[in-house]
Each structure stands twice: as C-alpha cells, then as structure tokens.
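Read through the structure below, which is laid out as structure tokens, and then see the notes.
The values are calculated or read from the model by the stated rules, or taken from the named source; none is laboratory data. If you're wondering where the values come from, they're calculated on a predicted model, not measured in any experiment. Please note: Cβ atoms are built from the backbone with ideal geometry, for glycine as well, and neighbour counts cover all protein chains shown. Each accessible area value is taken on the protein alone, full model and side chains, heavy atoms only, with ligands, DNA and RNA left out. Shrake-Rupley method; radii C 1.70, N 1.55, O 1.52, S 1.80 Å.
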Amino acid sequence: MKKYILFSLVLFLSSHTWADNRSIISELSTLVEQHRYEDAFNLAQEHSAELEGDSQFDFLYGFSALQIGKFEPALFSFERLSASHPQVQRYRLELARSYFYLDNLEQAEKEFERILASNPPANVQANIQRFLDAIAAKRQALQSRTQTSLTLAAGYDSNFNSATDAQKIALFDGLFYATLSPAQRRQDSPFMQLRAISSHSRPLSRLSSWDVLAYFNHRWVSEDNDYSLSGAGAQIGSRHLFGAWQLRPSLNLTQYLLGGEEYQQDLSLSGDVFWQISPQFQPFARLNLLRLDNKINNDTDKLRPQIESGSSFNFGALNGQISVNYGQDFKAHRSAIYMRDGLGASLQAQYRWGFGDIYTQLLWQSSQYQEKMALFSKREDNFGLLLLGYRQHLNSQFSLYAQVSQSENDSTVKLYQYSRTLAETGLTWAF
C-alpha cells in the first residue's frame, strides 16, 4: 500500500512539472511570435537549467538569443539541436547563422553548403546565397586590394572655353559697352581624353583600413591646344567602423596644367561620417576644407570650408546618392578677390539593366560673389547640369560607355552667362 501511495505521488509531481514546463514553452512560443525576443530570452535563461535538452525549448531559446545578438548561447542551442536532429535543416540553418555572426566563416560556409546540397526551397536558397556573398565580402575585406582602370574617350564640346554667345557686354552698369573678340566668345571643338585611376587598400584590422588613390587625366582640345587640360593627384585616407557608423578622414592633392603650363593646385582635407541606418539607406555628413592656389591668377586664391549632407540609397538594380552642400570662400591673402558663397544640390543615380548600366547626374549650384566687380554689377550665378549615360559591360574587364550632358550658367553678369553641351564615348579597361 505504501509503495502504491509513493508511486502515485511521484506520478502526480511528474505530471505537474511536465504541465508547468509545457506552460513555460507555450509562453516562450507566444513571445517569439510577437517578436518580443528580449523577453523570450530572459524567460528562457530563467528556466534553462530544467528545460535544456527539450528540442522545442532549445530552438526558442537559441532563436530569441540570435535575434538580440546573444550569439554564443544561440550557438550552444543549435549545436545541441543539430547533433540530436541532424535531419532537421532549420536547426542547421540557424547553426550556420550563429557561426556567421561569431565570425567563424569556415564553419558557417560549410553548414550553408551542406544545406544547399539538400536542394531546399528557392527562398531558402536565396537567403543562403546572401550569407555566402557576405562571407566572401568579409574575407575580401581582410585582404589588400589593388584596382586600376584606364579610359580612352573622344567627344564633342560645344563651349570648351565656357564663354558667352554675346557679341557685346555692358560695363559700369550699362554706361558703356565692349565688343568681344571671337576668342572671347563661345568656341566649340572635338576632343580626346585619357583617364587613369589606381587605388590600393589594406586592412589594419577587421574594423579599420587605409587606402591610397592616384589619378591622372588629360584632355586634348583639337581646335586650341591652349585649352588642353591635364590633372594629376593623389588621395590618402582611412576607414574606421563603429557598429553602424563609419568614419573616413582623407587628404587630397591635385595639380592642374592648362595648355602645358602650370595652372592650379588644390589641397583639401575631408572628414566623412556614414551611418548604415538600413540596407537601403546610408546617410552621411562631410566636412571639407579646400586650399586653392591659382598659379595664373592670384586673385582667385582662397580657403573654402564646405559642409555636405545627404544619403546614398540602394534598391537592388537602382542605387545612387542625393546631397546638399554649402560653402564659403575666405581670402588666402589680402589681394585675393572673387570670393563667393555657394549653395548646391546634387543627385546621382544608376540603374542596372542586363549587362549594362543607365546612369544620370543632376547638379545645381548657386553662387553669390561677396564683392562687386570693378567693371560690372555684383555677380550672382546659378549653374545647372544634366547628364545621361549608358555603360555596356563587355566582360569583367572591358566596358563601353556613351554620355551626353547639358549645362547652363545663368549670371547677372552677361560675360559669364553661357550654355555648354558635351557628348562623349569611350572604352574603359579595369584590372
């Protein structure tokens, strides 16, 4: 009789404990369904001692931990589940994700490939491919990279000297008029252009890297070699990651030659801050300080601090950047003039179409000159540009492009009012 009573008591307590455990697991399941992962994880931790080993509990515990960035507890849960139930692909998929977030890329790749070999549904395959691409990107981020491109182009410039069509201009607020010579007015010409860009980046750690960029450009204007322009420069910078934030300081130096003669030197220091708010948007802010030294006309030497803010966007085949900027000139020396304040906006967009890209650029810049010019009224300019182009990728190294742009400069001083059309086509070799 005593044995019967003892057996009944044990059976009652066991059934009561089982009912309590089922109640906890049911509550866990409800929290996960409601996306209350933090609450689910805390509840699971509280009862892990008595419930670990139950497959339903282990999955809910590991999944909630994975969703809130507790990757080690998630790994333990899914390692246990995958060992006990090797045929359940969902457990193995979450195990692979745990390895990925813990930067165990070799093991993550092995698990993802094992799942792919079982031919899962198309949506699962697509999700796995995104992780495999991310693994490749992480590996590449830890390797030094060198890239170079050469472009040879030809085209037509309707106004290579950015001059007015007007034959006469007003002086002293219309008191006198001056007749412009043909050389002072708009001139057009075919041109050829050579561009070369080479960059090298090297990681310092998983969260930082440095890079250097060198570039050269030469544009031959067939009708007047005095307007052939060359530019060569270098940029050195670094990148530092802080979670979703990225900091990039850089220093840039560019030297220009006009008609084979030394023309201008630009030295700029920039600081960029990026915020990866979502996979689609990355807002940024940029501070830039430019020192412009004109070797031909010292009147234009300046210091120009500028602030720019905007966001890049990425919607699969469509990506680009939109931004606004403001800058103000300061005299580099007392004799400098032609200082101006400028406000602008720009939009760049690219759409991937088959084996090619359609791209466009919109630019607007308003400039107010700080001082009245000796012979003219106070100058204000509004500059606008629209560019449309198409690039066809022939293979991984070669691409052909064609583009046309139209720019208009509306100025209160007629001498600086002009329009310009540029048409260009070229071949790029990237390696």
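Of these, GLN255, GLN193, which one is touching a Gly at 6+ places or on another chain (Cβ under 8 Å), in a strand (DSSP E or B) and touching a residue at least 40 places away in the same chain (Cβ under 8 Å)?
Just a single option satisfies the conditions, and that option is GLN193.
The selection criterion, being of a type outside the set (S, T, N, Q), over 34 Å from the mean Cα position of the chain (by Cα), surrounded by 14 or more Cβ atoms within 10 Å (Cβ to Cβ) and in a strand (DSSP E or B), holds for ALA170.
For region 332-376, which residues satisfy the criterion of being open to solvent by 70 Å² or more (accessible area, probe 1.4 Å) and either under 22 Å from VAL273 (Cα atoms) or touching a helix residue (DSSP H, G or I) at 6+ places or on another chain (Cβ under 6 Å) (or both)? Correct list: TYR338, LEU343, GLN348.
Residues being open to solvent by less than 40 Å² (accessible area, probe 1.4 Å) and part of a helix (DSSP H, G or I) are entirely absent from region 142-165.
Can you name the residue in region 237-247 that is hydrophobic (A, V, I, L, M, F, W, C) and surrounded by fewer than 16 Cβ atoms within 10 Å (Cβ to Cβ) and, of all such residues, is farthest from the chain's Cα centre (by Cα)? For region 237-247, the residue satisfying everything is PHE242. Which residues, taken from region 377-394, are open to solvent by 70 Å² or more (accessible area, probe 1.4 Å) and over 18 Å from THR425 (Cα atoms)? Of everything in region 377-394, those that are open to solvent by 70 Å² or more (accessible area, probe 1.4 Å) and over 18 Å from THR425 (Cα atoms) turn out to be LYS378, GLU380. Reported count of residues in region 305-331, each being surrounded by 15 or more Cβ atoms within 10 Å (Cβ to Cβ), over 14 Å from the mean Cα position of the chain (by Cα) and within 17 Å of SER346 (Cβ to Cβ), is 4. If the condition is being in a helix (DSSP H, G or I) and out of contact with any helix residue (DSSP H, G or I) (no Cβ under 6 Å at 6 or more places or on another chain), then region 60-75 contributes PHE63, GLU72.
Would you call THR425 open to solvent by 70 Å² or more (accessible area, probe 1.4 Å), modelled with pLDDT of 95 or more, of a type in the set (S, T, N, Q) and part of a strand (DSSP E or B)? Criteria met by THR425.
Restricting attention to region 23-40, the residues that are under 42 Å from the mean Cα position of the chain (by Cα) and either surrounded by fewer than 21 Cβ atoms within 10 Å (Cβ to Cβ) or modelled with pLDDT of 90 or more (or both) total 11. Can we say PHE78 is in contact with a Gly (Cβ under 7 Å, 6 or more places away or on another chain), part of a helix (DSSP H, G or I) and modelled with pLDDT of 80 or more? Yes: the conditions hold for PHE78.
A quick yes/no check of all residues on (1) of a type in the set (Phe, Trp, Tyr); (2) farther than 21 Å from THR425 by Cα; (3) surrounded by 16 or more Cβ atoms within 10 Å (Cβ to Cβ); (4) without any contact (Cβ under 8 Å) to a residue 60 or more places away in the chain:
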residue: LEU213; (1), (2), (3), (4): no, yes, yes, yes
residue: SER222; (1), (2), (3), (4): no, no, no, yes
residue: SER230; (1), (2), (3), (4): no, no, yes, yes
residue: GLN235; (1), (2), (3), (4): no, yes, yes, yes
residue: PRO249; (1), (2), (3), (4): no, yes, no, yes
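Within region 322-339, residues that are charged (D, E, K, R) reach partners that are open to solvent by 70 Å² or more (accessible area, probe 1.4 Å) with beta carbons closer than 6 Å, at six or more positions or on different chains, in the pairs ASP329/ARG340.
I'd like to know if region 133-140 contains one or more residues that are among the polar types (S, T, N, Q), open to solvent by less than 60 Å² (accessible area, probe 1.4 Å) and either at positive phi or without any contact (Cβ under 8 Å) to a residue 24 or more places away in the chain (or both).
no
Just one of the listed residues (TYR401, TYR351, TYR369, TYR359) is over 25 Å from the mean Cα position of the chain (by Cα) and not aliphatic (A, V, I, L, M), and it is TYR369.
Within region 261-271, not a single residue is assigned to a loop (DSSP other than H, G, I, E, B), open to solvent by 40 Å² or more (accessible area, probe 1.4 Å) and out of contact with any strand residue (DSSP E or B) (no Cβ under 6 Å at 6 or more places or on another chain). Looking across region 404-415, the residues that are modelled with pLDDT of 95 or more and open to solvent by 50 Å² or more (accessible area, probe 1.4 Å) come down to VAL404, GLN406, GLU408, ASP410.
Take region 327-344 and flag every residue that is in a loop (DSSP other than H, G, I, E, B) and either modelled with pLDDT of 95 or more or of a type in the set (A, V, I, L, M, F, W, C) (or both).
Selection gives ASP329, ALA332, ALA336, ILE337, MET339.
Okay, residues lined up against (1) of a type outside the set (A, V, I, L, M, F, W, C); (2) in a strand (DSSP E or B):
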site	(1), (2)
ILE277	no, no
LEU287	no, yes
LEU292	no, yes
GLY320	yes, yes
ASN325	yes, yes
